[in-house]
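Asks: This is the structure I want to talk about, given as structure tokens.
The values are calculated or read from the model by the stated rules, or taken from the named source; none is laboratory data. Just so it is clear, the structure is predicted and the values come from calculations on it, not from any experiment. Here the Cβ is made from the backbone with ideal geometry for all residues, glycine too, and neighbour counts use every protein chain on show.
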Amino acid sequence: MKHRFQKFIALAALFLVMPSITMGALTTEEASKLGITGTPLTPFGAIRAANADGSIPSWQGGLAPVARDAARNDQDRYIDPFADDAPLFSITASNYEQYAEHLTEGEKQMFKLYPETYKMHIYPTRRSASFPVRVYEATLETAKTAELCGERCIKNTAAGGGIPFPIPANGLEAMWNRSLFYYGDHFRLNGHGILVAENGTYRLTDRSVNWNSYYYTPAEQRPTDDYFTRQGGAVTCFYEVNISPPRTAGQLAAGCMYQQNIDADAYMYIPGQRRVRKAPDFGFYDQPAPSSDGLITMDARGAYMLTGDEEWYDYTLLGTKEIFIPYNSYKLAAHTDFDEIVKPHHINSDLVRYELHRVWVVEAKLRPNFRHISPHRFAYFDEDSWAGALSDMYDAQGRLWRHSQEFLVNYYDALATDYWGSAHYDLITGRYASVTGWGNREFDKPFDWNLATPQGLRKAGVR
């Protein structure tokens with residue numbers, strides 16, 4: 001009820017402050033800069049060349065694909081392609097100011113708050129992000145035609161998906177790129193969320209996560225039911241099962257998001273009620289993320305994405321910047337003992353690899369007449385993949401409040417760059433949390449698409 005009223009009172013003001021929406025289709029000259037090889041920009045719009053001093057190398061196509069079994073070790077964890085790399089140097093509370101130009105405000109604050117324990121080991125930059133050729137080809141086609149038909153609406157995308165605005169003209173286009181980035185055609189994950197108290201004690205939540213990307217699924221493999229084809233076609237469909245803690249075990253959630261309405265059409269099944277109900281606020285901006293104890297908002301998952309059925313923020317694209325971000329986090333991914341991973345105030349710094357990468361920087365400011373617990377924030381997206389890497393959130397008093405890090409890897413058996421795990425730090429309370437991750441993704445087949453529908457969810461719930 002609160003959200004409906006908020007939408008109502010904001011509607012008139014929204015029309016007054018809403019910026020004109022730039023149609024995103026590229027000119028012929030702009031499109032000629034993009035290509036798989038031999039162009040100034042990669043298909044996703046990243047600068048192909050090295051930076052001025054060579055600390056960021058040129059993009060050479062990223063990691064080559066490897067079969068699933070060859071990519072995993074005998075503990076079924078990814079083999080680190082860069083295991084022989086040694087840190088170039090370490091940043092600590094005593095020297096972080098020397099590197100301030102390559103740190104976000106949230107990263108700087110971590111050094112100030114935890115000078116005895118927080119550090120960043122800086123490794124050689126490996127531009128490992130790579131994607132299937134068909135995704136590059138789809139991006140090159142989509143970039144010529146994609147247009148925004150509203151702030152929560154995109155049209156004229158090519159078959160097979162693609163990053164819609166590889167040369168973004170504004171912050172909203174950059175946010176659409178982040179929301180339509182490639183995480184694989186589909187994946188399944190039995191993963192963990194983490195809740196960490198200030199003293200370092202923690203508890204895990206367990207969830208089975210199943211995601212199908214309708215947007216990137218080849219046309220001949222897509223379901224044709226109206227539930228998936230409406231509103232310009234689905235972007236993503238999901239089916240999730242809570243495993244623990246016991247009070248939420250057996251709860252199911254499912255639904256889809258659409259190209260012409262990025263809001264989630266989502267449903268929930270609660271075992272005690274034995275019925276499916278619409279989840280109208282699933283994915284809403286400041287709705288607490290599941291099992292996060294309020295430490296993560298729904299829109300902050302993945303270091304910030306578009307959520308909800310209307311726009312609350314004005315986005316400013318601040319261009320690209322060279323920032324130290326978690327990358328090629330295979331060392332962290334190799335660890336299965338959370339007593340080694342989880343430490344008071346932050347993830348074990350000795351397990352995290354940071355590299356210097358160019359990132360797209362987007363500033364978000366809340367529009368008048370809307371309310372959100374974080375009215376001002378910055379998001380940082382990896383230029384080679386459009387995966388979220390970092391975000392900084394400010395509270396209503398203008399205090400730097402939360403800082404998020406996504407520990408990126410290339411799942412190179414599927415050629416998809418995304419987070420392995422994450423950490424969402426509350427810089428005021430000293431607590432932190434992680435969304436579901438910290439486990440292997442399996443990319444071999446999609447989940448049953450029907451499970452994303454309310455009818456399919458009902459059948460799954462009563463089994």
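Asks: What about N156, is it of a type outside the set (K, R) and either closer than 30 Å to A93 by Cα or in contact with a helix residue (DSSP H, G or I) (Cβ under 7 Å, 6 or more places away or on another chain) (or both)?
Replies: For N156, the condition - of a type outside the set (K, R) and either closer than 30 Å to A93 by Cα or in contact with a helix residue (DSSP H, G or I) (Cβ under 7 Å, 6 or more places away or on another chain) (or both) - is met.
Asks: State which residue pairs qualify: first residue buried (at least 24 other Cβ atoms within 10 Å of the Cβ) and inside segment 169-192, second residue assigned to a helix (DSSP H, G or I) and β-branched (V, I, T) in any location, beta carbons under 6 Å apart, and separation of 6 or more residues or different chains.
Replies: From residues that are buried (at least 24 other Cβ atoms within 10 Å of the Cβ), the pairs are Y182/V135.
Asks: Moving on to the next point. Can you tell me which residues in segment 74-97 are modelled with pLDDT of 95 or more, farther than 24 Å from S385 by Cβ and either exposed (fewer than 11 other Cβ atoms within 10 Å of the Cβ) or among the aromatic types (F, W, Y) (or both)?
Replies: Result: A86, F89, S94, Y96.
Asks: Given the condition farther than 30 Å from R48 by Cβ, among the aliphatic types (A, V, I, L, M) and buried (at least 20 other Cβ atoms within 10 Å of the Cβ), answer yes or no: does some residue in segment 368-379 qualify?
Replies: no
Asks: A follow-up question, please. Would you point out the residue of segment 425-436, among those that are touching an Asp or Glu at 6+ places or on another chain (Cβ under 9 Å) and among the small types (G, A, S), that is farthest from Y394 (Cα to Cα)?
Replies: This residue is A433.
Asks: Going by the structure shown, is T117 of a type in the set (S, T, N, Q), closer than 30 Å to L189 by Cβ and within 21 Å of the chain's Cα centre (by Cα)?
Replies: Values: of a type in the set (S, T, N, Q): yes; closer than 30 Å to L189 by Cβ: yes; within 21 Å of the chain's Cα centre (by Cα): no.
When the stated conditions are applied, T117 does not pass them.
Asks: I would also like to ask the following. Return a yes/no flag: does segment 420-437 have any residue that is of a type in the set (K, R) and surrounded by fewer than 22 Cβ atoms within 10 Å (Cβ to Cβ).
Replies: Yes, some residue in segment 420-437 is of a type in the set (K, R) and surrounded by fewer than 22 Cβ atoms within 10 Å (Cβ to Cβ).
Asks: Would you mind stating whether Q109 is buried (at least 17 other Cβ atoms within 10 Å of the Cβ), touching a residue at least 40 places away in the same chain (Cβ under 8 Å), polar (S, T, N, Q) and more than 21 Å from W420 (Cα to Cα)?
Replies: Numbers: buried (at least 17 other Cβ atoms within 10 Å of the Cβ): yes; touching a residue at least 40 places away in the same chain (Cβ under 8 Å): yes; polar (S, T, N, Q): yes; more than 21 Å from W420 (Cα to Cα): yes.
It is true that Q109 is buried (at least 17 other Cβ atoms within 10 Å of the Cβ), touching a residue at least 40 places away in the same chain (Cβ under 8 Å), polar (S, T, N, Q) and more than 21 Å from W420 (Cα to Cα).
Asks: Taking the condition modelled with pLDDT of 75 or more and within 17 Å of the chain's Cα centre (by Cα), does I262 pass? Even if it seems obvious, please write down each step before you answer.
Replies: On the way: modelled with pLDDT of 75 or more: yes; within 17 Å of the chain's Cα centre (by Cα): yes.
Considered against the rule, which asks whether it is modelled with pLDDT of 75 or more and within 17 Å of the chain's Cα centre (by Cα), I262 comes out as yes.
Asks: Any chance you could count how many residues in segment 213-240 are surrounded by fewer than 20 Cβ atoms within 10 Å (Cβ to Cβ), over 13 Å from T453 (Cα atoms) and touching a helix residue (DSSP H, G or I) at 6+ places or on another chain (Cβ under 9 Å)?
Replies: Result for segment 213-240: 2.
Asks: Okay, next question. For segment 83-104, does any single residue satisfy the condition of being in a loop (DSSP other than H, G, I, E, B) and under 19 Å from G35 (Cβ atoms)? Step through it out loud before you land on a result.
Replies: Just the residues of segment 83-104 that are in a loop (DSSP other than H, G, I, E, B), to begin with: 83-88, 92-95, 103-104.
With the extra rule that they be under 19 Å from G35 (Cβ atoms), the set shrinks to none.
Within segment 83-104 (the criterion being in a loop (DSSP other than H, G, I, E, B) and under 19 Å from G35 (Cβ atoms)), the answer is no, since none of the residues qualifies.
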